[in-house]
Amino acid sequence: MQDLLLGMIILCNGTLYQTQSLNQEVDGLFRISCQVRESNGIQLITPVLTNITDKPIFFRRAFVCATLPPGPYESYVQYNRWSYENKGNWQPLEGRGLMLSHVWGRTTEGNTPFIAFRMIGRSEGVAFHVLPVGDWRIMVQPAYNSVTEPSIEVSLGISDESLDYELAPGESWTLPQVIAQPFTDFTTSTGELHRFLMDNLELPNRLPPVEYNTWIDRYDQLDVPHMREELAAAKEVGCEVFVIDAGWFGAEGLGWWECVGDWHESTNSAFYGKMKDFADEVRAAGLGFGLWIEPERFVPNVPVLKEHPDWFTPYRRMRLEIPEAYEFQKQTFLRLIDTYGIVYMKTDMNGSLGQDDLHRHHNTYVSLFYKLIDEIHQLRPQVFIECCASGAMRTDLEVLKHFDIAFPTDNVHPFEVNDTIAGFWHRYLPGRVMRWATPHQINYPIPFYGKDVKPVITPLGGTWDEFENVDLESLLCSNFTGGMCGFTGSLSSLDEGNRQLVARYIALFKEKREFLWKACGYCPVYQPDFKVMELVNDGNAILHVQYLASDQVSQRRVRPLGLDENAMYTFNDETRSGKDIMRDGILLPLKHKGHILRRRSELFFLDKVK
């Protein structure tokens, strides 16, 4: 949208100001200065407010504001809840306003910091993203004084619900960044966003390892002999890190859930005080050792809260603005890393931060928390740090700048996670997203149409409460929709043939790892029973295709996106230009099983002819 108007809405010292510029002085009180980085029409806006008086001033609202021209609009927003993330759809505004927000500190629990608009019946439009540092809010307000269709005013940035930000004389405040993303077609907008993010954000650049995590094997029941079996299987198939999830810590007489925030190894359960010995076994097997922690949650029992109550808010969120508290957190990270030789750290966040009694909507706290993560990266560059928050309750574009990888959902059902990740691509980089393949093979035969088989099962959600038989190869293909290959469940339960199949797919992932890490994503086809997720890097493409095995159509035509128009590609023994393929499509041969109703996935590769 070339006629998009950008400005700011500021509530300062009780007066509301609305500007038509991103750079100006306002009423002798403050200066707005916005750095705008633009590429292919997409803008990254970094707003800064500076107090130009000799007295403190107070901000209770500070939004970037965009005004869309009059028209009948529809909007696309996403809803997030546990194991059901990134679910979005288009709805006509019909003169209504909108407000998007989330749970305190968990920036994608509720809504996600992303909204898109287009005129009804049109393909082009504009999307907006907030890169939240603390709580955020997006508000949509029609202009009711319009005589025809209303124009639309979009305000977005740090939440103003209880904001009262004091700015000292001469002090500057950098607000959360905002991205304005015009698009010609919502389907192709994902790849355009991904290229922009890789070109314009400073991102960690550590290639991800192949991970095995203990969680959805036996959850917190960390039985060392059994874990040795999983370690041997993980080594055999080619995993590179072995990560111990929750259950390894806890004070004597208490369960680990009663000790969150006291990161000392349990002596009466799990490893019985000998986790370092097991970490040495992991390294002796040729894998790196990883560990789960939840650094932002402190239950009432933990010693640090009793010893330093002044370090905590009433909601038990640590006050990182206190230097001693910040140093305590830093030393906790470093002690664990150095004691156990950690090279992979899974950080979790299973509770909200509560209300911010500084009335800054956690802006100060989150800035310091990200500074801490950045400092750990600098001090221990060998450590790969994952962001998890009850799955995906804090997966936003600011996270992308500080963590190596994001966990997209606690749901591990491969086909449901495909839907989750397809929605995620509208607001995140594919190469910085991981997922878990979760197999477990039943060790007794079950009859399947005249023959007995020992089926591989996988959970239907985030737990084993419900599960289903799954085609193992389809499960493994799904790891090629992101930048990191992960496993949980039981690799040791797989028979030799299935372990060999896992090993082949891990070897393929390692071959394609750098390709996936820097890929842009598209969904050229996304129907209920036929879905194509495409990753493109330098004109080469991997197509992940999901379909029903009972589909009577043995081949499907797909028009890939993002290919090099001038390059030549060979597919199905036919050499054609990228331009021809994107225009006319290719026919994908699918494995047909007429009476089998379950879903399947396959991979197809489009590589430029050298």
The correct ranking of His361, His102 by accessible area at 1.4 Å, largest first, is His102, His361
Normalised per residue, the volume inside the convex hull of the alpha-carbon atoms of segment 411-505 in Å³ amounts to 97
Applying the span-like rule to the chain (DSSP H, Cα extent along axis at least 18 Å, Kyte-Doolittle mean at least -1.0) gives 224-237, 323-340, 363-379, 496-517
For segment 8-85, the dipole about the Cα centre with charges only on Cβ (Lys and Arg +1, Asp and Glu -1), to the nearest 20 debye, works out at 200
Under the helix-only model (-39500 (n - 2.57) for each DSSP H run of 4 or more, divided by the residues of the chain), the mean residue ellipticity at 222 nm, to 500 deg cm²/dmol, is -6500 deg cm²/dmol
Projected onto the charge dipole of segment 472-593 (unit charges on the beta-carbon of Lys, Arg, Asp and Glu, signs +1, +1, -1, -1), the Cα from Phe487, Leu543, Ala519 with the largest positive-side position is that of Phe487
Applied in sequence order to segment 153-162, the curve 6.51 cos²θ - 1.76 cosθ + 1.60 (Karplus, θ = phi - 60°) yields integer Hz couplings, x standing for Gly and Pro, of 10, 10, 10, 8, x, 5, 4, 10, 4, 9
Applying the gyration tensor rule to the Cα atoms of the chain (axes a ≥ b ≥ c; rounded if a/c under 1.5, else prolate if a/b exceeds b/c, else oblate), the class is oblate
Share of accessible surface on carbon and sulfur in segment 1-84, whole %, 1.4 Å probe and ligands ignored, is 48
Pseudo-spin-label distance Glu171 to Tyr449, built 7 Å along Cα→Cβ, given in nm, is 7.0
Of all DSSP beta bridges having both residues in segment 267-421, the percent classed as antiparallel (nearest 5) is 10
Subtracting the Cα-Cα distance of Arg31 and Asp465 from 0.36 nm times their residue separation yields 150.6 nm
From most to least accessible, 1.4 Å probe, no ligand or DNA/RNA atoms counted, Asp245, Asp419 line up as Asp419, Asp245
For segment 185-304, the dipole about the Cα centre with charges only on Cβ (Lys and Arg +1, Asp and Glu -1), to the nearest 20 debye, works out at 220
quick note, the chain, DSSP beta bridge pairs, % antiparallel (nearest 5) is 80
Residue span Glu496 to Asp54: 0.36 nm per residue of separation minus Cα-Cα distance leaves a gain in nm of 151.7 nm
Interchain or sequence-distant (5+) residues whose placed amide H lies within less than 5 Å of the amide H of Phe571 are Arg576
Charge dipole of the chain built from unit charges on the beta carbon (Lys, Arg +1; Asp, Glu -1), centred at mean Cα; most positive-end Cα among Thr463, Cys388, Val77 is Val77
On the accessible surface of segment 464-549, probed at 1.4 Å with all protein chains in place, carbon and sulfur together account for a percent value of 43
Karplus ³J(HN,Hα) for segment 264-273 (6.51 cos²θ - 1.76 cosθ + 1.60, θ = phi - 60°; Hz, whole; x = Gly/Pro) runs 10, 5, 5, 9, 10, 7, 6, 8, 6, x
Contact order relative to length for the chain, counting C-alpha pairs under 8 Å separated by 6 or more residues, stands in percent at 12
Checking rank on 307-320, 538-551, with mean other Cβ inside 10 Å and highest first, the result is 538-551, 307-320
The farthest towards the positive end of the charge dipole of the chain, of the residues Pro560, Pro408, Asn350, given +1 on Cβ of Lys and Arg and -1 on Cβ of Asp and Glu, is Pro560
In debye to the nearest 20, the charge dipole size for the chain, taken about the Cα centre with +1 at each Lys and Arg Cβ and -1 at each Asp and Glu Cβ, equals 1120
Mean accessible area per residue over the chain (1.4 angstrom probe, all protein chains present, square angstrom) is 39
For segment 133-141, Karplus-derived ³J(HN,Hα) couplings (6.51, -1.76, 1.60; θ = phi - 60°; whole Hz; x for glycine and proline) come out as 10, x, 6, 10, 8, 10, 10, 10, 9
The percentage of the accessible area of segment 139-185 (probe 1.4 Å, all protein chains present) made up of carbon and sulfur atoms, to the nearest whole number, is 47
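The values are calculated or read from the model by the stated rules, or taken from the named source; none is laboratory data. Quick caveat: nothing in here was measured; it's all calculated off a predicted structure. Using ideal geometry, Cβ is built from the backbone for each residue, glycine included, and neighbour counts are taken over all protein chains shown. Side chains are part of the model used for accessible areas, which takes the heavy atoms of the whole protein and leaves out ligands, DNA and RNA. Shrake-Rupley method; radii C 1.70, N 1.55, O 1.52, S 1.80 Å.
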